[in-house]
1. Give the range 128-158 a look and list any residue that's touching an Asp or Glu at 6+ places or on another chain (Cβ under 6 Å), of a type in the set (V, I, T) and either surrounded by fewer than 17 Cβ atoms within 10 Å (Cβ to Cβ) or under 21 Å from S37 (Cβ atoms) (or both), or say none.
2. Might you check whether a residue that is assigned to a strand (DSSP E or B) and modelled with pLDDT of 85 or more occurs anywhere in the range 19-34?
3. Kindly provide the set of residues from the range 102-122 that are among the small types (G, A, S), surrounded by 14 or more Cβ atoms within 10 Å (Cβ to Cβ) and more than 15 Å from L33 (Cβ to Cβ), ordered by number.
4. If you scan the range 133-143, which residues turn out to be in contact (Cβ under 8 Å) with a residue 40 or more places away in the chain and either of a type in the set (A, V, I, L, M) or in a helix (DSSP H, G or I) (or both)?
5. With respect to the numbered conditions (1) free of Cβ contacts under 8 Å to residues at least 40 places away in the same chain; (2) crowded, with 17+ Cβ neighbours inside 10 Å; (3) among the aliphatic types (A, V, I, L, M), which one is the sole condition not fulfilled by A125?
6. Scanning the range 112-165 for residues that are among the polar types (S, T, N, Q) and out of contact with any strand residue (DSSP E or B) (no Cβ under 8 Å at 6 or more places or on another chain), which turns out farthest from A93 (Cα to Cα)?
7. I want to confirm something. Restricting to the range 62-78 and keeping residues that are polar (S, T, N, Q) and either buried (at least 20 other Cβ atoms within 10 Å of the Cβ) or touching a Leu at 6+ places or on another chain (Cβ under 7 Å) (or both), which single residue is farthest from Q121 (Cα to Cα)?
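The values are calculated or read from the model by the stated rules, or taken from the named source; none is laboratory data. In this text, all values refer to a predicted model and were calculated from it rather than measured experimentally. So basically every Cβ, Gly included, is an ideal-geometry build from the backbone, and we count neighbours across all protein chains shown.
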Amino acid sequence: MTKRYGSFRGARLQAVPPLPPIGALGGSFEKRLAFDSFEAAASPAIAVGDKIWIGNISLEARLDPASMYYYDALGASTTLSVGDEANPAALAAAASTSSAGSRSLVASVDIADYPKPLWQQLGYASLDAAKAAQPLKNGYVDLYFTVGGAAIVGTLTWQLRGCDN
């Protein structure tokens with residue numbers, strides 16, 4: 001498994017001003033938590049099991065369910081999942097990317113769980129358990145796309161929004 005990084009290396013764009021309150025997020029202020037783009041070329045191949053880094057996000061963040069990723073036709077039988085190292089498909093499980101499209105970064109999260117913090121959406125029993133699984137990350141977690149099905153070729157772009165309490 002190889003870890004890959006987008007063209008901005010997942011830079012957290014802190015200069016983005018907050019948006020107006022969003023009811024589903026408890027009236028807190030939303031901002032862009034991660035935004036990037038990745039070009040998967042045929043060489044070197046982006047193989048099954050490879051990970052593409054989305055960003056380093058607070059375990060207490062509340063993600064906007066409208067956070068999306070967009071992709072070209074990445075190849076026959078290709079899929080992408082979204083999650084962390086321990087739970088690689090917790091947020092979005094094995095979506096087909098064989099034809100161009102878009103998908104929510106939290107497609108596998110139940111609607112009732114949208115207001116919950118990221119550590120719960122990732123399936124951890126407690127915030128302390130989530131922190132213990134992320135040693136030396138100071139309450140943050142690396143989120144990844146995980147390639148499945150077949151090697152991918154094409155462009156992948158994402159924008160993760162929410163509030164990072």
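1. Matches in the range 128-158: V147, T155.
2. We begin by selecting, within the range 19-34, every residue assigned to a strand (DSSP E or B); these are 31-34.
Narrowing further to those that are modelled with pLDDT of 85 or more: 33-34.
Yes, the conditions are met somewhere in the range 19-34.
3. Initial filter on the range 102-122 (among the small types (G, A, S)): 102, 104, 107-108, 112.
Filter once more, so that each one left must be surrounded by 14 or more Cβ atoms within 10 Å (Cβ to Cβ): 104, 107-108.
Scanning the range 102-122 gives A107, S108.
4. Kept after step one, since they are in contact (Cβ under 8 Å) with a residue 40 or more places away in the chain, are these residues of the range 133-143: 133-134, 137, 139-143.
Of everything in the range 133-143, those that are in contact (Cβ under 8 Å) with a residue 40 or more places away in the chain and either of a type in the set (A, V, I, L, M) or in a helix (DSSP H, G or I) (or both) turn out to be A133, V141, L143.
5. (2)
6. This residue is N138.
7. Step one: of the range 62-78, the residues polar (S, T, N, Q) are 67, 77-78.
Imposing the further condition that a residue be either buried (at least 20 other Cβ atoms within 10 Å of the Cβ) or touching a Leu at 6+ places or on another chain (Cβ under 7 Å) (or both) reduces the set to 67, 78.
Details: S67: 14, T78: 24 Å.
Within the range 62-78, the match that is farthest from Q121 (Cα to Cα) is T78.
One line per residue, one yes/no per condition, for (1) under 11 Å from the mean Cα position of the chain (by Cα); (2) part of a loop (DSSP other than H, G, I, E, B); (3) in contact (Cβ under 8 Å) with a residue 40 or more places away in the chain:
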{"site": "L74", "(1), (2), (3)": "no, yes, yes"}
{"site": "L80", "(1), (2), (3)": "yes, no, yes"}
{"site": "E85", "(1), (2), (3)": "no, yes, yes"}
{"site": "P115", "(1), (2), (3)": "no, yes, yes"}
{"site": "W119", "(1), (2), (3)": "no, no, yes"}
{"site": "K131", "(1), (2), (3)": "no, no, yes"}
{"site": "F145", "(1), (2), (3)": "yes, no, yes"}
